[in-house]
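Visitor: Just dropping this structure here.
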Amino acid sequence: MVKVGLDTPVSGLYMVGKTYASRLGKLGISTVEDLLHHYPFRYNNYSIISSASSVNTGEVVTIQGQILAAQNIYTKYGKKIQKAVVADSSGQINAIWFNQPFLVSSLKSGASISLSGKVSFFGGKKSLISPDYEILKDGKPPLHTGRLVPVYPETYGVSSKWLRSRIGPLLELLSSQVPDWLPEKFKQKHDFVDLYQALKQIHFPQNMIVLDEAKKRLAYDELLLLQLEVLERKKTWEKTKLTHPFTINQEKILDFISNLPFTLTSAQNQALKQILTDLTKKEPMNRLLEGDVGSGKTVVAAIALYTAFLNGFQSALM
């Protein structure tokens with residue numbers, strides 16, 4: 001068996017291969033770590049588990065029981081309907097699907113099943129119409145029903161159900177292989193959960209409380225990484241040496257300013273002084289000029305462009 005780690009390519013995972021790896025690539029997923037950080041964008045609340053005899057039409061519920069029978073029904077108009085009869089300790093209910101004849105081969109009599117969906121009338125009886133389903137095995141908790149079920153950004157050939165089926169086992173397999181880059185004292189101070197727990201709960205939350213805790217931790221990580229990336233870019237930027245630092249022709253710039261039909265404000269003069277100082281340095285200027293509408297940002301920018309012109313360079317105002 002191939003050892004799986006965070007840097008393992010998804011093509012090396014069980015039941016993935018090259019075809020699915022290519023599809024996952026369209027979602028920006030190339031490694032196991034990418035897959036674990038492919039977060040759901042919403043959740044279907046299938047956490048209400050009801051008895052077959054107590055459900056009401058219009059409710060979204062989960063029913064867990066045993067399959068009594070499953071068959072394809074062909075209408076006189078050529079439509080194919082799949083019908084399964086499911087029983088729990090309280091009674092029976094029908095599950096109905098449309099134009100999926102292959103389902104019947106998966107719905108074996110006697111198998112334990114979990115169904116989640118909306119209750120409606122069909123053929124005069126309360127039924128689950130096109131419910132999500134999964135066969136329950138070995139006492140394992142369900143992934144696709146009976147809980148807060150994650151729904152992911154998808155692409156052609158990669159459904160949320162497929163993603164859940166791959167991410168769930170990976171989380172169990174890698175429980176001791178997800179390093180946490182935040183110090184323990186820092187996590188305690190800000191009440192952050194461990195990174196592994198955050199990943200586990202963002203994908204398969206037990207309830208809304210732990211889901212909110214996971215979102216809080218992962219949102220912080222995302223902002224922290226963005227800030228570190230910005231600082232790294234700034235550090236690299238500052239190391240860049242210009243071959244043409246500007247010379248400030250004070251006489252011509254003052255003449256330009258004196259011919260304006262208005263007098264610059266103290267804030268404009270202060271911003272201009274800082275910009276012109278930056279332009280004389282050997283490091284590139286990276287500056288944000290911020291102000292309300294009508295505060296005079298454009299004239300400050302125009303003077304900076306004029307300075308570039310005086311130094312024999314072209315500029316663009318966008």
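The values are calculated or read from the model by the stated rules, or taken from the named source; none is laboratory data. Just so it is clear, the model here is predicted, and its values are computed rather than measured. So basically every Cβ, Gly included, is an ideal-geometry build from the backbone, and we count neighbours across all protein chains shown. Please note that ligands, DNA and RNA were not included when accessible areas were found on the heavy atoms of the full protein model with its side chains. Shrake-Rupley method; radii C 1.70, N 1.55, O 1.52, S 1.80 Å.
Visitor: Quick one: which of Lys79/Lys118; Lys187/Lys234; Lys26/Lys137; Lys26/Lys79; Lys18/Lys161 span more than 25 angstrom between C-alpha atoms?
Guide: Flagged as over cut-off: Lys187/Lys234; Lys26/Lys137; Lys26/Lys79.
Visitor: Could you work out which residue, out of Val119, Val104, Val293, moves most in a Gaussian network model of the chain, that is, has the largest mean-square fluctuation with Cα springs under 10 Å?
Guide: With Cα springs under 10 Å in the chain, the top fluctuation among Val119, Val104, Val293 is at Val293.
Visitor: Now for a separate question. With a/c under 1.5 counting as rounded, go ahead and sort the stretch 257-318 into rounded, prolate or oblate using the C-alpha gyration tensor (a ≥ b ≥ c being the square roots of the eigenvalues; past the cut-off, prolate if a/b is larger than b/c, else oblate).
Guide: Prolate, because a/c is 1.5 or more and a/b exceeds b/c.
Visitor: Per residue, how much accessible area does the stretch 86-173 show when a 1.4 Å probe rolls over the protein heavy atoms, in square angstrom?
Guide: Value for the stretch 86-173: 47 Å² per residue.
Visitor: So, one more: Starting from the 7 Å offset along Cα-to-Cβ, what nm value, one decimal, do you get for the label separation of Ala316 and Ile73?
Guide: Each label point lies 7 Å from its Cα, and together they span 6.5 nm.
Visitor: Once the Cβ-Cβ distance between Lys126 and Leu226 is put in as r, and R0 is 51 Å, what FRET efficiency do you end up with, to the nearest 0.05?
Guide: So the FRET efficiency works out to roughly 0.50.
Visitor: Still on this structure, please answer the following. Can you pull the one-decimal nm distance between simple spin-label points at Leu264 and Val293, each 7 Å off the Cα toward Cβ?
Guide: 2.5
Visitor: HN-Hα J couplings of the stretch 31-44 from phi, Karplus 6.51/-1.76/1.60, θ = phi - 60°, integer Hz, Gly and Pro as x?
Guide: Values per residue, Gly and Pro as x: 10, 4, 4, 4, 5, 5, 9, 8, 7, x, 9, 7, 9, 8 Hz.
Visitor: Using just the alpha carbons, could you tell me how many Å³ per residue the convex hull of the chain encloses?
Guide: Dividing the Cα hull volume of the chain by its residues yields 271 Å³.
Visitor: While we're here: GNM, the chain, Cα, under 10 Å: largest mean-square fluctuation among Leu224, Leu272, Leu171?
Guide: Looking only at Leu224, Leu272, Leu171, the largest GNM fluctuation is found for Leu272.
Visitor: Further question: Based on Cβ point charges of +1 for Lys and Arg and -1 for Asp and Glu, what charge dipole magnitude is obtained for the chain about its Cα centre, in debye rounded to the nearest 20?
Guide: About 1040 debye.
Visitor: Given the stretch 130-250, what whole percent of its Cα pairs are spread farther than 26 Å?
Guide: The share of Cα pairs beyond 26 Å in the stretch 130-250 comes to 43 percent.
Visitor: Taking a ≥ b ≥ c as the square roots of the eigenvalues of the Cα gyration tensor of the stretch 217-295, is the shape rounded (a/c under 1.5), prolate (a/b larger than b/c) or oblate?
Guide: oblate
Visitor: Something else: Could you give each residue of the stretch 198-207 its phi-based ³J(HN,Hα) in whole Hz, using Karplus coefficients 6.51, -1.76, 1.60 with θ = phi - 60°, and x for Gly or Pro?
Guide: Once rounded to whole Hz, the list reads 5, 5, 5, 7, 6, 8, 9, x, 6, 6.
Visitor: For Leu6 paired with Leu242, estimate the spin-label separation in nm (one decimal), with each label point 7 Å from Cα along the Cα-to-Cβ line.
Guide: 4.0
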